[in-house]
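Below you'll find the structure, written out as structure tokens, and then a few comments.
The values are calculated or read from the model by the stated rules, or taken from the named source; none is laboratory data. Predicted model, so just to flag it, every value in this text is computed and none were measured. Ideal geometry is used to build each Cβ from the backbone, glycine not excepted, and the neighbour counts take in all protein chains shown.
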Amino acid sequence: MNLRALSEQTRLGKRSEVEKEVENRRSKILYGFASTQKRTSPIVQPHTEISHRSPNLFSATEVAETIGTDLETINQWLEVGAIDRAVFGGGRFSKYELQRAALTFEMVKLGLAPSRASGIVWEMEYDLQEIWAGAISNQYKAYALVIPNKQNKWLVFWCWKVSTKEIDPSPQSYIVLPVSDILARVTNETEQARQH
């Protein structure tokens, strides 16, 4: 069938089932139908053999359980870019992405939007890399003081404390994020989950 005949049939309302299906899919995509459906399963990418064997890669379900949220929240955060997966993880999360998600979630619980909280975590990246690399002694607890500035951005200041006594919760004007405690909790919970 040539293009002119197909066009004439479409104009006359005589479309094949394939043409109807193509049009149906096109309208779903154009009008956002596919993106507004709620997901009850994780958004997944194909797994590689390496991703199945690595103890440092976690599924979306494991991330949700570890940080204390639900799978729908993880999927929403993935869609808006608030969290990321490991580059070579086959759709799974690295232990660092898991820890970034945990820090993001803690700030969301304090009232920040996920995208804003994620941006703050990325501002903390250099110091987080120092913590993860072991460049900072484990005898210190890390706290991030997150303070809004006049340009509608957040400043991050680090506090390193030797004492095991925690810093008091923050007043309304700034956030004290107990980074060491959050990272230690996530590490412990993932190790316990992997043992069961």
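Listed here are the residues, each with its yes/no results for (1) assigned to a helix (DSSP H, G or I); (2) of a type in the set (D, E, K, R); (3) not assigned by TED's automatic domain parsing to the domain that holds Glu191.
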position: Ile74; (1), (2), (3): yes, no, no
position: Asp84; (1), (2), (3): no, yes, no
position: Glu97; (1), (2), (3): yes, yes, no
position: Arg100; (1), (2), (3): yes, yes, no
position: Val108; (1), (2), (3): yes, no, no
position: Gly119; (1), (2), (3): yes, no, no
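State which residue is surrounded by the fewest Cβ atoms within 10 Å (Cβ to Cβ) when the search covers only the stretch 80-99 and only residues that are among the charged types (D, E, K, R) and in contact with a Lys or Arg (Cβ under 9 Å, 6 or more places away or on another chain). So the residue we want is Asp84. For the stretch 63-72, a residue qualifies if it is outside any loop (DSSP other than H, G, I, E, B) and more than 12 Å from the chain's Cα centre (by Cα), and the qualifying residues are Glu65, Thr66.
Pairs please, first residue from the stretch 140-151 and without any contact (Cβ under 8 Å) to a residue 40 or more places away in the chain and crowded, with 19+ Cβ neighbours inside 10 Å, second anywhere and in a loop (DSSP other than H, G, I, E, B) and among the polar types (S, T, N, Q), Cβ atoms under 7 Å, 6+ apart in sequence or on different chains. The qualifying pairs do not exist here.
Of all the residues that make up the stretch 100-116, how many are surrounded by fewer than 22 Cβ atoms within 10 Å (Cβ to Cβ) and within 12 Å of Ala60 (Cα to Cα)? Qualifying residue count for the region: 0.
For the structure I just gave you, tell me whether Lys153 is modelled with pLDDT under 90, under 24 Å from the mean Cα position of the chain (by Cα) and basic (Lys, Arg).
Here the answer is yes, as Lys153 does meet what is asked.
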